[in-house]
Amino acid sequence: MEYRCVDRGSKKCPCHLTTSGLCYTCSTLRTGECGCSTQWTGSCPYSEFSMNAGRPQPMPMLMPAEVVYQKNYSGKLTVVRLEVPAGFAQQCHRLGSYIMAQVMGYMVPLSVLHSSYAVEKRRFLIGPRPYIEVAVQPIGLKTMQLANPLSKFWNIQGPFYSGLQTAGRIDTSKPMLVIAKGTALAPFLNVARVLAGENPEKINLFIDDDKITSEFISDYVSKIGTRFNYINLSEDMETALAMLDMYDQIMFLASPYYTNQVIRKLRGNGKLVRSRVEAVQAIGKCLVVANHANMCCGLGICGSCSHTDKDGTTVKECKCMEGGIFQ
Ligand code: FES
């Protein structure tokens, strides 16, 4: 199957995978033979690699970011605001963007909930300094440490853009069904205004408020102007599945347990494929799904997100994107 690397053509390309012959989007780097059609007009990882004297681009740097604000929502979730350079905050204002936060020597992927960069005002040094916000659910050692109010600086890496599959196919002029559970709502909220455009009514949003609070909803959801309803996926998944037929664009943000039920329903044959990349490729509609399950390094190194597809290709879901990035 054909796959597109989320970093192809970006300043991260060519990455360290090229030196091991593991760049699955460039067959020249992998096998020595070009597999691109003569019509291809995009960037060429092999040319970039050659022009860079046969070296990959440096690994993304860890950057210290000051925690300038924290809000705890009834112990279920903590929103952390990190002061970052304006360029970084601007790059985070993309659908599916996430950062890696280093804690206890491990990296934790966190979706960007909100980013503010207000370039115009900053030119005159007024207004808030650029920042991003992430939502942390303190459920394990790493997340409890991150949500600790005594953490004054984080080391972060990013942004990365593979937080959602099929995001690049979204057509903002068409209606969209959005179903989200808990903090998986974050990527939608980050760019909700862009998706809603001048007509927020075209988005039909259903929220499962498990592990988020009404205060969080009034702080982040009520402001975007999109109508929304509540749904309890663990009790009423049938209602969610029934709504899928009514839309050509669906954003479903929940754990793999629920996502797999959606994929099964839309594929119609009850079979599951091994990855979300293959699954969304085989569905006739634009189905945007969360890509966070098994994400660990985000760089294509650790292999925790990888699987072998039916053609024997190793697919790393932190790198492979269906439909590109939503611009
Ligand atoms: S998350 Fe490590 S290889 Fe994808």
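Estimated at 0.36 nm per residue, the fully extended path between Glu201 and Lys152 surpasses their Cα-Cα distance by 13.7 nm. Using θ = phi - 60° in the Karplus curve 6.51 cos²θ - 1.76 cosθ + 1.60, the 3J(HN,Hα) couplings for segment 245-253 round to 5, 8, 10, 8, 10, 9, 10, 10, 10 Hz; x is entered for Gly and Pro.
For segment 1-75, the set of chymotrypsin sites (Phe, Trp or Tyr not before Pro) satisfying both a DSSP loop assignment and a count of at most 10 other C-beta atoms within 10 Å is given as Trp40.
Largest mean-square fluctuation among Ser214, Ser111, Ser162, in a Gaussian network model of the chain whose springs join Cα atoms under 10 Å apart, belongs to Ser214. Close amide-amide hydrogen proximity is noted between Val84 and Tyr131, Ile132, each under 5 Å apart and 5 or more residues distant or on a separate chain (H modeled in the peptide plane; Pro and chain starts excluded). Legend: distances between Cα atoms for Lys211/Lys310; Lys181/Lys202; Lys211/Lys265; Lys174/Lys223; pairs beyond 29 Å are Lys211/Lys310.
Farthest toward the positive end of the dipole of segment 63-160, out of Tyr106, Gln145, Thr78, is the Cα of Thr78, where the dipole comes from beta carbon charges about the Cα centre. Please pull out the direction-averaged projected area of the chain, using the convex hull of its alpha-carbon atoms, in nm² to one decimal place. Result: 18.0 nm².
By the gyration tensor of its Cα atoms, with a ≥ b ≥ c the square roots of the eigenvalues, what is the shape of segment 4-51: rounded for a/c under 1.5, prolate for a/b over b/c, or oblate?
On the way: a/c = 1.57, a/b = 1.13, b/c = 1.39.
The shape class here is oblate.
What dipole magnitude, in Debye to the nearest 20, does the chain give about its Cα centre under +1 on Lys/Arg Cβ and -1 on Asp/Glu Cβ? Don't skip to the end; give the middle numbers.
Working: 34 positive and 26 negative charges, 117 e Å.
Value, rounded to 20: 560 debye.
With charges set only on the Cβ (+1 for Lys and Arg, -1 for Asp and Glu), what does the dipole of segment 4-51 come to about its Cα centre, in debye to the nearest 20? It would help to have the intermediate numbers written out before the result.
On the way: 5 positive and 3 negative charges, 31 e Å.
Charge dipole, segment 4-51, about its Cα centre: 140 debye, nearest 20.
Take the Cα of Arg169, step 7 Å along the line toward its Cβ, and report every residue of segment 68-96 whose backbone nitrogen sits under 19 Å from that point. Answer for segment 68-96: 95-96. Placing unit charges on the Cβ atoms of the charged side chains and taking the dipole of segment 168-220 about its Cα centre, the candidate lying farthest along the positive direction among Ile203, Phe216, Pro175 is Pro175. For the pair Ser37 and Arg129, the difference between a 0.36 nm per residue extended length and the Cα-Cα distance amounts to 28.5 nm.
With the charge dipole of the chain set up from +1 on Lys and Arg Cβ and -1 on Asp and Glu Cβ about the Cα centre, the Cα lying farthest toward the positive end among the listed residues Met63, Trp40, Gln90 is that of Met63.
What does the helix-only formula give at 222 nm for the chain: each DSSP H stretch with n ≥ 4 adding -39500 (n - 2.57), the total divided by the residues, and the result rounded to the nearest 500 deg cm²/dmol?
About -5000 deg cm²/dmol.
Can you run the Rg to Rh ratio on segment 146-195? Use alpha carbon positions and the Kirkwood inverse-distance Rh. Value, to two decimals: 1.07.
This model, with +1 at the C-beta of Lys and Arg and -1 at the C-beta of Asp and Glu, gives segment 1-107 a dipole about its Cα centre of some 260 debye. Report P(r) for segment 164-321: all Cα-Cα distances, bin width 5 Å, range 0 to the bin holding the largest distance, values in whole percent. Calculated over all Cα pairs of segment 164-321, the distribution is 2, 9, 18, 21, 20, 15, 10, 4, 1, 0 percent. Distance between the modelled labels on Ala118 and Ile217, one decimal in nanometres: 2.9 nm (7 Å Cα→Cβ projection).
No lab work stands behind these numbers, since they all come straight from the coordinates. Computed from a predicted model, the values in this text were never measured in an experiment. Counting neighbours? That spans all protein chains shown, and the Cβs are built from the backbone with ideal geometry, glycine included.
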